[in-house]
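Student: Below you'll find the structure I mean.
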Amino acid sequence: EGFDYYVNDAFGASHRAHASIVGPPQFLPSAAGRLLAREVDVLGGIRAWPTRPFVAVLGGSKVSDKITVIEALLDVADEVLIGGGMCFTFLKALGKPVGASLCEDDMVDTCQRLLASGAAIRLPSDVTALGPGGKIGDPAAGGDVRQLGTSVPDGWMGLDIGPGTAAEFGDTVLDARTVFWNGPMGVFEDPRFEAGTRAVAEAVAESKAFTVVGGGDSAAAIAQFGLADRIDHISTGGGAS
């Protein structure tokens, strides 16, 4: 009682089953706020009628966090480029050793299924890795940093896409006419592992395509590299986007 209408403008929370999100619409006349409506228009638009080629770049740490996004985009994107920590679960699905890299063993079968489907998934051709004894975010702790192929030795941890992959992904983005980027290519907060994310960010900024950046870490990277004013739409929600 005491309320006439419900307006939701909290796009960044709209993928959560919070009481404040799902409760009021069951009892009150409801509407999307202007920000939420804009997000739905943009994100819905690139799924429904993208100008092609449509390239999606997905990163972040876990396949499990992005599996619904990957599956949704495979139905519409011309190419899906995968970097970040989750690429190592895909590489393991191809039989590659991943060393001490982040890997979700319970998602390997899912990745094998996606790769076997013939979908246009592109994985890194090289990675940047940290050797034994190294510590993420602490260059002074030591540990070698090397560019490797797609096989990571025991004790080594892949933490970024390599320079070859960064160039390949950048070229693909520059050839696109619609670009959706969600998730960093590596641990960009550590300057030793920012190059892949920076390369993709600069390509998205330089692109003549309609460019959409999912919020969260991708938006933080765009801001860190000073490129925010060159993106067509930066979402206010990471997972929500």
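Student: Filter the GluC sites (Glu not before Pro) in segment 138-220 to those in DSSP coil with at most 15 other Cβ atoms within 10 Å of their Cβ, and list the result.
Tutor: Answer by residue number: 189.
Student: If exposed means no more than 12 neighbouring beta carbons inside 10 Å and the site is in a DSSP loop, what's the longest run of the chain without any exposed chymotrypsin sites (Phe, Trp or Tyr not before Pro)?
Tutor: 28-241
Student: Still on this structure: Please list 3J(HN,Hα) in residue order for segment 220-229, calculated via the Karplus relation 6.51 cos²θ - 1.76 cosθ + 1.60 where θ = phi - 60°; whole Hz, with x for glycine and proline.
Tutor: 5, 5, 4, 5, 4, 8, x, 10, 4, 6
Student: For a quick check of understanding: with a 1.4 angstrom probe and all protein chains in place, what accessible area in square angstrom does residue 75 have, to the nearest ten?
Tutor: Residue 75 has an accessible surface of roughly 130 Å² with all protein chains in place.
Student: A further question follows. Can you tell me how much longer the chain between residue 119 and residue 5 gets when fully stretched, taken as 0.36 nm per residue apart minus their C-alpha distance, in nm with one decimal?
Tutor: Fully extending the segment from residue 119 to residue 5 adds 36.6 nm.
Student: What lysines could a cross-link reach from residue 135, if we take a straight Cα to Cα line under 24 Å and drop same-chain neighbours fewer than 8 places away?
Tutor: Answer for residue 135, where 24 Å is the Cα cut-off: 62, 92, 96, listed by chain and number.
Student: Using only protein heavy atoms and a 1.4 Å probe, report how much of residue 110 is accessible, in Å² to the nearest 10.
Tutor: 30 Å²
Student: Next question. Per residue of segment 188-201, in order, report the coupling 6.51 cos²θ - 1.76 cosθ + 1.60 (Karplus, θ = phi - 60°) as ³J(HN,Hα) in whole Hz, putting x for Gly and Pro.
Tutor: Those phi angles translate into 5, 5, 9, x, 6, 10, 9, 4, x, 5, 4, 4, 5, 4 Hz.
Student: Now for a different question. Could you give the angle, 0 to 90 degrees to the nearest 10, between helix 63-74's Cα long axis and the longest principal axis of the Cα atoms of the chain?
Tutor: Compared with the principal axis, the helix lies near 70 degrees.
Student: Choose one of 51, 128, 64: the residue whose Cα lies farthest towards the positive end of the charge dipole of segment 24-153 (beta-carbon charges +1 Lys, Arg; -1 Asp, Glu; about the Cα centre).
Tutor: So the residue we want is 51.
Student: Now for a different question. Could you compute the FRET efficiency for residue 112 and residue 174, with r as their C-beta to C-beta distance and R0 at 25 Å, rounded to 0.05?
Tutor: 0.25
Student: In Å², what does the accessible area per residue of the chain work out to with a 1.4 Å probe?
Tutor: Result: 47 Å² per residue.
Student: Turning to a different aspect of this structure: For the pair residue 17 and residue 151, what calculated FRET efficiency results from E = 1/(1 + (r/R0)^6), where r is the Cβ-Cβ distance and R0 = 41 Å, to the nearest 0.05?
Tutor: 0.50
Student: Ignoring solvent entirely, what values of log10 I(q)/I(0) come out of the Debye formula for segment 96-138 at 0.15, 0.26 Å⁻¹ when each Cα is a single scatterer?
Tutor: -0.55, -1.09
Student: Taking θ = phi - 60°, what integer Hz values does the Karplus form 6.51 cos²θ - 1.76 cosθ + 1.60 yield along segment 15-23, in sequence order, with x for Gly and Pro?
Tutor: Values, residue by residue: 8, 9, 8, 6, 4, 6, 8, 9, x Hz.
Student: Further question on the same structure: About its Cα centre, how strong a charge dipole does the chain have in debye, to the nearest 20, once Lys and Arg get +1 and Asp and Glu get -1 at the Cβ?
Tutor: 220 debye
Student: Can you give the accessible area of residue 30 in Å² (nearest 10), computed on protein heavy atoms with a 1.4 Å probe?
Tutor: Accessible area, nearest 10 Å²: 60 Å².
Student: How much of the accessible area of the chain, in percent, comes from carbon and sulfur atoms when a 1.4 Å probe is used?
Tutor: 51 percent
Student: Rounded to the nearest 500, what is the 222 nm mean residue ellipticity of the chain from helices alone, with -39500 (n - 2.57) per DSSP H run of 4+ residues and division by all residues?
Tutor: Mean residue ellipticity, 222 nm, calculated: -9500 deg cm²/dmol.
The values are calculated or read from the model by the stated rules, or taken from the named source; none is laboratory data. Fair warning: this is a prediction, and the values are worked out from it, not measured in the lab. Quick reminder, even Gly has a Cβ in these numbers, built from the backbone with ideal geometry, and neighbours come from all protein chains shown. Surface areas here come from the heavy atoms of the whole protein model, side chains and all, with no ligands, DNA or RNA. Shrake-Rupley method; radii C 1.70, N 1.55, O 1.52, S 1.80 Å.
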